[in-house]
Amino acid sequence: MLIGELSKATGLSKDTIRFYEKMGLISGGDRPAGSRLYKEYSPEVVERLMMISRGKGLGFTLQEIRQLLNEWGGGNMPKQEQIATIERKVVEIGHKMQQLAEIKAYLLEKLNLLQQDRNANV
């Protein structure tokens, strides 16, 4: 499939797809069409891009995602390193959850004050 089709299938922009390819997260083959070369991607790239998107959503960096896809996916990452990577992410997620809880408490306090002020002025 061509990059436009890949973009539609994944919801990612063409620029994002090109960036991921430049970073080595995905690859496509060249397909000649007249005097031009087009990138053609296999159906497996759709799944790989979806995994990248999920990984980013979970807080993994692109470097970590590349490592996981290339080494872990290929069975080259030792189990102890897999465990350490997951444990590190669990700790990071815990910190982010704590920060989000603090922001939520702050916003709820501000909302309460604003609502009290509005009710007092009515």
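Read-outs throughout are calculated quantities, based only on the coordinates presented, and are distinct from any laboratory measurement. All values derive from a computational prediction rather than experimental measurement. Note that each Cβ is placed from the backbone with ideal geometry, even for glycine, and that neighbours are counted across all protein chains shown.
Observations on the structure shown:
- Consider segment 57-85 and keep the residues that are exposed (fewer than 12 other Cβ atoms within 10 Å of the Cβ) and of a type in the set (Val, Ile, Thr). The one that is farthest from residue 9 (Cα to Cα) is 83.
- For segment 92-122, the set of residues classified as closer than 28 Å to residue 47 by Cβ and among the β-branched types (Val, Ile, Thr) consists of 93 only.
- Looking only at residues in segment 1-56 that are out of contact with any Pro (no Cβ under 9 Å at 6 or more places or on another chain), assigned to a strand (DSSP E or B) and not charged (D, E, K, R), the one that is surrounded by the fewest Cβ atoms within 10 Å (Cβ to Cβ) is 32.
- From the list 52, 103, the lone residue that is under 18 Å from residue 23 (Cα atoms) and of a type outside the set (D, E, K, R) is 52.
- Residue in segment 112-121 that is of a type in the set (Asp, Glu) and either more than 19 Å from residue 60 (Cβ to Cβ) or touching a strand residue (DSSP E or B) at 6+ places or on another chain (Cβ under 6 Å) (or both) present: yes
- Members of segment 13-34 found to be of a type in the set (Asp, Glu) and out of contact with any strand residue (DSSP E or B) (no Cβ under 6 Å at 6 or more places or on another chain), listed by number: 15, 21
- Residue 37 aliphatic (A, V, I, L, M) and touching a strand residue (DSSP E or B) at 6+ places or on another chain (Cβ under 8 Å): yes
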